[in-house]
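Bear in mind that the values in this text are calculations on the coordinates, not laboratory data. Keep in mind that this is a model prediction, so the values were computed, not measured. Ideal geometry is used to build each Cβ from the backbone, glycine not excepted, and the neighbour counts take in all protein chains shown.
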Amino acid sequence: FGPELDWGADGPSGYEQRLGETPGLYAVRIAYPLDATARQQWAAAASSSAEQGAVLVVSLEPQVPLAELDAADAAELDDFVQQQHVSFGTHHLLRFAAEMNGSWQSWGQQPSAFIRSFREVADAIHAGDSGAELVWSPSYGAGYPFERAGGRIDDLSIQTIELLDTDGDGEITEGDDPYEPYYPGDEYVDRVGLSMF
């Protein structure tokens, strides 16, 4: 159990005082690939979480198209996670491009690009020494393919439509699997999360 704070106006010490308990985790959203601001926000969250012995859940939110992310970005990410682990002893759960099955995310409903990017990040993190874990975290599938939430269905390529049409009826509808086309594989996923609204 734990919150995703408004880190600009709040922090773990204030939350602990209000709750009267120390939560098991804190969550933070971080721009990916990492820039100076993202690194600063992450380090502050890792330090504050470590003071309470809490796990830090980092939602890595792509700021460029998935196709532009590469192994060099993942290697830089791994280096930074290791630095935070060594500096603060913080355990990290990394939610890469969460809600990837949602039409409202700029990285959403791109199964091939998402899987490639997730695997790159997982390979780098798993090869490192930080002990961080990768979390695959789609959005709850009720209402999938969420065309009313973002309207991206009309813009999908033929190849993507074929991947998302899991029941083979030629259309992407609520009858299609909202999860399987986006799953990177057991060897890449350490934990599974779910966003529910």
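For helix 36-51, what angle does its Cα long axis make with the longest principal axis of the chain, in degrees from 0 to 90 and rounded to 10?
Its long axis makes an angle of about 60 degrees.
Can you compute the modelled spin-label distance between Thr37 and Glu76, with each label point 7 Å from Cα toward Cβ, in nm?
1.5 nm
Sort 74-80, 118-124 by the packing proxy (mean of other Cβ within 10 Å over each peptide's residues), most packed first.
Final packing ranking: 118-124, 74-80.
Can you tell which of Gln83, Trp42, Gly20 lies farthest toward the positive end of the dipole of the chain, using +1 and -1 charges on the Cβ of basic and acidic side chains (Lys, Arg; Asp, Glu)?
Going by the charge dipole, the pick is Gly20.
Nearest 10 degrees, 0 to 90: what angle lies between the long axis of helix 111-127 and the longest principal axis of the chain (Cα atoms)?
Helix 111-127 sits at roughly 30 degrees to that axis.
May I ask which residue of Tyr144, Ile115, Gly102 lies farthest towards the positive end of the charge dipole of the range 45-165, with charges of +1 (Lys, Arg) and -1 (Asp, Glu) on Cβ and the Cα centre as origin?
The listed residue farthest towards the positive side: Tyr144.
Mind checking the angle between helix 71-88 and the chain's longest principal axis? C-alpha axes, 0 to 90 degrees, to the nearest 10.
Roughly 30 degrees, rounded to the nearest 10.
Across the range 1-102, how large is the tail of the calculated P(r) beyond 21 Å, expressed as a percent of all Cα pairs?
So the portion of pairs separated by more than 21 Å is 33 percent.
Mean shadow of the chain, computed from the convex hull of its alpha carbons, in nm²?
11.3 nm²
For a quick check: with amide H placed at 1.01 Å from N, whose amide H comes under 5 Å from Val55's, ignoring anything fewer than 5 positions away on the same chain?
Result for Val55 returns Leu25, Tyr26.
Counting pairwise Cα distances across the range 117-181, what percent come out greater than 14 angstrom?
The share of Cα pairs beyond 14 Å in the range 117-181 comes to 66 percent.
When every alpha-carbon pair in the range 47-135 is counted, what percent end up more than 15 Å apart?
58 percent
Report ³J(HN,Hα) in whole Hz for each residue of the range 171-179, in order, from the Karplus equation J = 6.51 cos²θ - 1.76 cosθ + 1.60 where θ = phi - 60°; Gly and Pro get x.
Here the 3J(HN,Hα) series is 9, 9, 9, 5, x, 8, 5, x, 10 Hz.
Suppose every K and R has +1 on its Cβ and every D and E has -1 on its Cβ; what is the size of the dipole of the chain about the Cα centre, in Debye to the nearest 20?
Computed about the Cα centre, the dipole is about 720 debye.
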